[in-house]
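Reviewing the structure listed below.
The values are calculated or read from the model by the stated rules, or taken from the named source; none is laboratory data. Values in this document were obtained by computation on a predicted structure and should not be read as measured data. Here the Cβ is made from the backbone with ideal geometry for all residues, glycine too, and neighbour counts use every protein chain on show. Note: areas computed on protein heavy atoms with side chains; ligands, DNA, RNA excluded. Shrake-Rupley method; radii C 1.70, N 1.55, O 1.52, S 1.80 Å.
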Amino acid sequence: MQACGFNSLFAMDRLSVMGLIEPLKRLPELLGIRNAIIKRYKANPPAVFIGIDSPDFNAKIEQKLHAKGIKTVHYVSPSVWAWRQGRIKSIKRSVDLMLTLFPFEAEFYQQHQVPVCYVGHPLAKQFPKQPNTSEARQALGLDTNQPTLCIMPGSRSAEVELMAELLLDAAACASQDLGIELQLVMPAANQSRYDQLKKILGTRSDKVTLLMQQSHRAMEAADAVLLTSGTTALEAMLLKKPMVVGYRMNALSFKLLFPLIKTAHVSLPNLLANKPLVPELIQDKVTVESLSAQVVNLFKTSNSELIEQFDQLHQQLSLDSASLATAAISNLIASE
């Protein structure tokens, strides 16, 4: 957006916090930013306010501006279909239009009579129908013939702290059980994560190709992906890569949040398919042994049926998202 000429009033990374405990540490700053935005747009009403993701941050802004007669759109649905479903009432009062990335989200809003438009996921258009694994390995300087595992420990410091060594241990165990040396590649989301991962690897004997960013290329080069749950699971699916999904979070946050989850699955491939397409291991179930066993299974069995289902989901998400969203927002602005 900045490249297109938008002015950023606050640095986006100041909002990049997850969980229940972590945001509390920065609450005064976050509230100050939110109040400044509300004050700014009450004084200078826009044709429409578009809140993008960050639902707990944007919800109050949308509520206050909507009460002043300003039309509001929310792009990227909060996971209200999964947990804290009572939020649908406040969304219905505060949002004139919800734009969703996934079809199952639109169905949920339709059930609750909230104006909604399913626009597909922009990422789906960015990935080829068929990955070029050999070319990706050559580009990264990897052995084109060696079985390769991509490890994705997360983009946040806390995720890397909780998951990186666990995933590396699981990869080492899988290599031993398979009787082959898996070629390991690990992309870092940014410089901070690169430094953090480099420090972790410095204490270990693992042979890992550590990359600065290049996550898509790293996954494309792999036979399988061992990852921390999140958007990465969707990206691996779009690249038609078999995967094992694991996730851990702060123990207190998990204890408070997990009972509120209403879905049978947490990873996006499984949510989209409405069935367990890929193995997902959460919190206490995330162990070296459980992760390793699942990785071994991916390398020992055929994944052709899984890849075919990934392709079907890719097609379902591959819409002209920008045009659909633009049309829906334009129609809202033009409406009385």
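Tabulated data
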quantity	calculated
Qualifying residues in segment 16-37 (those that are modelled with pLDDT of 95 or more and surrounded by fewer than 17 Cβ atoms within 10 Å (Cβ to Cβ)) - the one nearest to Ile88 (Cα to Cα)	Asn35
Close pairs from segment 114-142: first among the polar types (S, T, N, Q), partner open to solvent by 50 Å² or more (accessible area, probe 1.4 Å) and outside any helix (DSSP H, G or I), Cβ under 8 Å, at least 6 apart	Thr133/Asp223; Ser134/Thr144; Gln138/Thr144
Filtered residues of segment 318-336 (kept if in a helix (DSSP H, G or I) and more than 26 Å from the chain's Cα centre (by Cα))	Ser330, Asn331, Leu332, Ile333, Ala334
Some residue of segment 246-259 being open to solvent by less than 50 Å² (accessible area, probe 1.4 Å), aliphatic (A, V, I, L, M) and modelled with pLDDT of 95 or more	no
Residue selected from segment 123-136 under the condition outside any loop (DSSP other than H, G, I, E, B), at pLDDT below 95 and of a type outside the set (A, V, I, L, M), by the criterion surrounded by the most Cβ atoms within 10 Å (Cβ to Cβ)	Lys125
Residue among Gly154, Gly120 that is modelled with pLDDT under 95 and in contact with a Ser or Thr (Cβ under 8 Å, 6 or more places away or on another chain)	Gly154
Hits in segment 179-226 - residues which are surrounded by fewer than 18 Cβ atoms within 10 Å (Cβ to Cβ) and touching a Phe, Trp or Tyr at 6+ places or on another chain (Cβ under 6 Å)	Met212
Subset of segment 38-78 that is without any contact (Cβ under 8 Å) to a residue 12 or more places away in the chain and not aliphatic (A, V, I, L, M) - its residue that is surrounded by the most Cβ atoms within 10 Å (Cβ to Cβ)	Lys39
Criterion: in a helix (DSSP H, G or I) and on the phi < 0 side of the Ramachandran plot - qualifying residue of Leu211, Leu234, Leu281	Leu234
Matching residues in segment 47-94 - criterion: being part of a loop (DSSP other than H, G, I, E, B), in contact with a helix residue (DSSP H, G or I) (Cβ under 7 Å, 6 or more places away or on another chain) and closer than 29 Å to Gln315 by Cα	Ser54, Ser77, Pro78, Val80, Trp81
Every residue from segment 273-311 that is exposed (fewer than 12 other Cβ atoms within 10 Å of the Cβ) and either hydrophobic (A, V, I, L, M, F, W, C) or without any contact (Cβ under 8 Å) to a residue 40 or more places away in the chain (or both)	Lys275, Asp284, Thr301, Ser302, Ser304, Glu305, Glu308
Tally of residues being closer than 15 Å to Ser290 by Cβ and in contact with a Pro (Cβ under 6 Å, 6 or more places away or on another chain) across segment 151-181	2
